[in-house]
Amino acid sequence: MLKKRIDIAMAIIIFSAALLLTRLWYLQIYRGDEYAKLAERNRIRIQTIAAPRGNILDRNGQPIITNRPHFNVVWNREDSPNPDEVIKDLARILNEDISVLLDRIRAASENPRYMLTRLKEDIEWETMAAIENKKLSLPGVSIEVIPSRDYLFGDFASHLIGYLGEISPSELEEIRYSTYASGDQVGKQGVEKIFEEYLKGEKGRNFLEVDVHGFQQRQIQRQEPYPGNDLHLTLDIELQRAAEEAMAGKAGAVVAMEVDTGNLLVMASTPHLPLQEFSGGRILTSVWNRLLTDPLNPLLNKTIQGQYPPGSTFKIVTALAAISEGVITPDTTFFCSGGLHFGNRRYGCWKRGGHGTVNFQRALTESCDVYFYSVGQRLGVDNIAKYANSLGLGKKTGIELEHEKGGLIPSKAWKQKRLKQKWQDGETLSVAIGQGYVSTTPLQLCRMTAAVVNGGTLYRPRMVNRITAPDGKTLKTFAPVSEGKILGSANSFARIRDALVGVVNSAAGTAKVVAIPEVLIGGKTGTAQVVRLAQVAGMSEKEIPYKYRDHAWFTSFAPAEKPEIAVTVLVEHGQHGGSAAGPVARAVFKKYFELKGVIKPDPEATPPAAVPEEKEE
């Protein structure tokens, strides 16, 4: 019996020893490398180092946006044994409400314990020094240095450039953001978003040895981040600044384009976005709410998202269709008595006394509404729509910016499908002068103008010339993209161009204020109604509430002999194209030809006094 018990005990001992040896072999040999790495990680902390984003430059290589050091306060839960006391002390140093810090900690509660939680962004030097001096009493708290956007020209071209923001949980789930982590900044709008892949760069890594309390002992290894690639825009800084300065205090848009390439030289939407408010990747709720409720809509990129009746600038379309379809010749005349009776309604001309007998040249130069009412009757709405669509109106231009709007060019089929109603002939008269259902964007009108004066080629708007690596090597170039020829003959283009030159340079033109002696400019003014005339009848212009005032348009080109640049200006509620939008275009032309050496800069020169034009109906 004793021997049997001894044998059983020995068997248990041998089995237990074999089990321990097997487990030891499994841990030390079979999975030894894996556990060695885990042990190393307990001793070594890996910190990611944000990469500087690529610079954004203008067409001449002048920097618009670069980077600067940005100091953030971060907290590591894993290294903070007594977080309540640490957060209280930190709140006093930061002069911050403790509830704000706790809210940020709660928001990051689902993240791994070792992941840094950002408590405050872009702190001052004095605050950073105070934290460093008390570092031993603030376990888990450290200073994160990341590159941040430095806007060299403030809110310059803000809607085109866009802004950065902290990556959202939903974005982290997308495949294209697979290399990002919580807290990273990404482009949220404009070229910052569209060209994120090129601008972002590659993160670096810092390998640190830490003690049991999480305090850094020494740096073991550092892998430097690789900067992002540089983006060379087609914009011209000098022209953009001239446009934005001329639009100061106004809401609207300015677009300037090379007529033979589609390159955008100016793309301004006002009021600007406050880019500095986004520089830390977050924006204060109070600032965001202010932007949302601002009646001037600073969040809207009016160059591509603002949809407005084009007013008399649309007469270019009607004129092109009429000559090309043969419903009139350049010598065709109509008599303008100040209005036209059609059906049971009178359609007025902006010149109440009438223009008398007018031919094509004079009708377009002086913007006679009655002439174009008559032309519209002969054409019909579908013919007008055919030419408008050929000119790129009523559809997106194809520019890479997000949320572009297409506008609207009505037709008989459109009304039947959309409103389940038959087209009324009287509605064609309104369409012929750019009112009624018609709506366009400033970018569309600029592209239309460029196509008419360059001989009939419609180009896709282009905002980026090339992308270069940090060492200067060109990675990608962007060539002009032609979308084909527009409808119309060379004769019709020439006739329209001559008439548009008269708008600026003839005694009866509606945009004499734009004229520059050294350069022959052509263009077309427009006034787009916001409300029916009956709603403001009897009021003087100053008495009309701002939101009910007409929009002011001016679309133009120069030099007339061989057009190089097209400029389109919209001033919201500016009332008159010649006096409100015209001077803005003049400022752009003046700067453009100064840079080319055609005219000499004259800092003391002032533009000629604006001649108020009468309201176009």
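Key figures
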item: Stretch gain in nm, segment THR457-VAL145, where the contour uses 0.36 nm per residue and the Cα spacing is subtracted; result: 107.3 nm
item: Principal-axis tilt of helix 83-94 within the chain, Cα atoms, nearest 10 degrees; result: 40
item: Folded to 0 to 90 degrees: helix 381-390 orientation relative to the chain principal axis, Cα; result: 50
item: Ascending count of other beta-carbon atoms within 10 Å, so fewest first, for LEU340, LEU19; result: LEU19, LEU340
item: Built amide H within the under 5 Å cut-off of PHE334, gap 5+; result: VAL358
item: Within straight-line cross-link reach of LYS590, lysines at Cα separation under 22 Å, skipping those fewer than 8 residues along the same chain; result: LYS250, LYS512, LYS524, LYS562, LYS600
item: Cα-based helix-to-principal-axis angle, 490-505 vs the chain, degrees rounded to 10; result: 90
item: Least to most buried among SER367, SER137 (fewest other Cβ within 10 Å first); result: SER137, SER367
item: Extension gain, ARG5 back to SER337 (0.36 nm per residue minus Cα-Cα distance, nm); result: 106.7 nm
item: Computed E for MET128/ARG345 - FRET, C-beta separation, R0 56 angstrom, nearest 0.05; result: 0.20
item: Share antiparallel - DSSP beta bridges, the chain, percent rounded to 5; result: 95
item: Radius 14 Å from Cβ of TRP423, net charge of other residues (Lys, Arg +1; Asp, Glu -1); result: +3
item: Theoretical FRET efficiency, 1/(1+(r/R0)^6), r = Cβ-Cβ of ILE13 and ASN82, R0 60 Å, to 0.05; result: 0.80
item: Net +/- balance of residues flanking ASP150 in space, Cβ distance below 11 Å, scoring K and R +1, D and E -1; result: +3
item: Theoretical ellipticity at 222 nm over the chain - DSSP helices of four or more residues, -39500 (n - 2.57) apiece, nearest 500; result: -9500 deg cm²/dmol
item: FRET efficiency estimate (nearest 0.05) - Cβ-Cβ, LYS473 to ARG176, R0 35 angstrom; result: 0.90
item: Count of lysine pairs in region 46-233 with Cα separation under 28 Å (8 or more residues apart, or interchain); result: 13
item: Ranked THR332, THR117, criterion: other C-beta atoms within 10 Å, fewest first; result: THR332, THR117
item: Extension gain (nm, one decimal) between ILE283 and ARG106, 0.36 nm per residue minus Cα-Cα; result: 61.8 nm
item: The chain: relative contact order in percent, alpha carbon pairs under 8 Å with at least 6 residues between; result: 13
item: Relative contact order for region 46-233, counting Cα pairs under 8 Å that sit 6 or more residues apart, in percent; result: 34
item: Set of lysines near LYS415 by C-alpha distance (under 17 Å), chain-local residues within fewer than 8 positions excluded; result: LYS386, LYS395
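Every read-out reported here was derived from the displayed coordinates using simple, explicitly stated rules and does not represent laboratory data. All values derive from a computational prediction rather than experimental measurement. Counting neighbours? That spans all protein chains shown, and the Cβs are built from the backbone with ideal geometry, glycine included.
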